[in-house]
1. Please list, ordered by first then second residue, the pairs with beta carbon atoms under 7 Å, 6 or more apart or interchain, first in region 188-213 and over 22 Å from ASN146 (Cα atoms) and outside the structural domain of ALA47 (by TED's automatic domain parsing), second of a type in the set (Gly, Ala, Ser) and assigned to a helix (DSSP H, G or I).
2. With the requirement that a residue be touching a helix residue (DSSP H, G or I) at 6+ places or on another chain (Cβ under 6 Å) and either of a type in the set (Gly, Ala, Ser) or in a strand (DSSP E or B) (or both), what does region 161-186 give you?
3. How many residues, within region 161-217, are more than 16 Å from the chain's Cα centre (by Cα) and under 24 Å from GLN262 (Cβ atoms)?
4. Inside region 248-293, can you point out the residues that are assigned to a helix (DSSP H, G or I), more than 25 Å from ASN199 (Cα to Cα) and either modelled with pLDDT under 90 or touching a helix residue (DSSP H, G or I) at 6+ places or on another chain (Cβ under 6 Å) (or both)?
5. Would you mention how many residues in region 190-207 are in contact with a helix residue (DSSP H, G or I) (Cβ under 7 Å, 6 or more places away or on another chain) and either polar (S, T, N, Q) or at pLDDT 85 or above (or both)?
6. Of the conditions (1) of a type outside the set (Val, Ile, Thr); (2) in contact with a Leu (Cβ under 6 Å, 6 or more places away or on another chain); (3) at pLDDT below 85, LYS145 fails just one. Which one is it?
7. Out of all the residues in region 57-76, which are closer than 14 Å to PRO299 by Cβ, out of contact with any Leu (no Cβ under 7 Å at 6 or more places or on another chain) and surrounded by 16 or more Cβ atoms within 10 Å (Cβ to Cβ)?
Amino acid sequence: MTQAKLFWILVIILFCGCRTGGDHSPVIATLNSHDIHQNEFEQFLAAKLGELSSGDVSDSIRSQMLDEYLKRWLVLDEAARLGLKITSAEIEQSAQDNPQIKSSVAAVADRGELARDLLVEKYYRQIALRDVRVTPEEIQQYIEKNQTRLTDRPGYLLREIRVQSREEADRLHGEVTEGRRDFASVARLHSDAPNAEQNGLSRYDEGQLPDVLERAVQQLRPGDVSPVIESNYGFHMFKLEQRIQPHALEERRSQLDDRRAQLTEELIARRNQQAIDKEIERLISQAKIRITDSALGFPYSGELRHN
């Protein structure tokens, strides 16, 4: 058997392994007819938050991450029911875009996690977002409503990555500053900030951010990445895409076409997120979810106990 064939067999095993009977760790939840085991959830935490000891992740974050994990499997199960798949070529292409993934045993686990991320993205793109439409009239209304917010005061066009551990923040900071990964894709896949679905992109007026973050952003030039900054919300890093200066009314009118693409992207991103949230709510409403508190090892304070 060639090394390449062996590699893909291992990927397939990892991709499907959470649905086999090979995991004998405690069952912490039941999702429809599937048992969710402690080990698979801990592997998910390690992939998303970094290699942390139990004491480094708060009970609140564990509860939030368990909710995300269960929602993710609802999407994966629905994608499988509909026959959606991720090909080896798609995994390989994404791995090439993320060159830190190497062909080692550890990287096989990374690629199994990557395959699941790609399948979730495919489900959103082909199912949840297939009917999302934005008309020219809606775009124009959005531009008229938001152009003052975007141009009247100086500000920043920033990408942000926010995570809940210093170790994870330092690791991701190294990857984006050393050129191994694109800041926008890391924000989309790893950030827990509300703008993650927009590849971490947001517009802020001067003075809008908390002081500790504002001071760091003020030091940046376009293209710069900030150091890791700790706030009450977690650990942040920013990439400054553009400084925005106020313009005279005539100049604002002349620049409307230039801003149209940015505002259109923002509106579509909002509609997409609304559609995804609605789809997740639909899957949750149809699911049978049971949390096994005695096996969790932490007090659960999430949102999915209702059924």
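1. ARG188/ALA196
2. Correct list: ILE161, VAL163, SER165.
3. 11
4. Residues satisfying the conditions are LEU249, GLU250, GLU251, ARG252, ARG253, SER254, ASP293.
5. Kept after step one, since they are in contact with a helix residue (DSSP H, G or I) (Cβ under 7 Å, 6 or more places away or on another chain), are these residues of region 190-207: 190, 196-203, 207.
Filter once more, so that each one left must be either polar (S, T, N, Q) or at pLDDT 85 or above (or both): 190, 196, 198-203.
Residues meeting the conditions: 8.
6. All conditions are met except number (2).
7. ILE61, ARG62, SER63, GLN64, LEU66
One line per residue, one yes/no per condition, for (1) crowded, with 16+ Cβ neighbours inside 10 Å; (2) closer than 23 Å to SER202 by Cα; (3) among the aromatic types (Phe, Trp, Tyr):
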residue	(1), (2), (3)
ASN272	yes, yes, no
ASP277	no, yes, no
ILE280	yes, no, no
ILE284	yes, no, no
ILE289	yes, no, no
SER294	no, no, no
TYR300	yes, no, yes
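The values are calculated or read from the model by the stated rules, or taken from the named source; none is laboratory data. Please read these numbers as outputs of a predicted model, since none were measured by experiment. Here the Cβ is made from the backbone with ideal geometry for all residues, glycine too, and neighbour counts use every protein chain on show.
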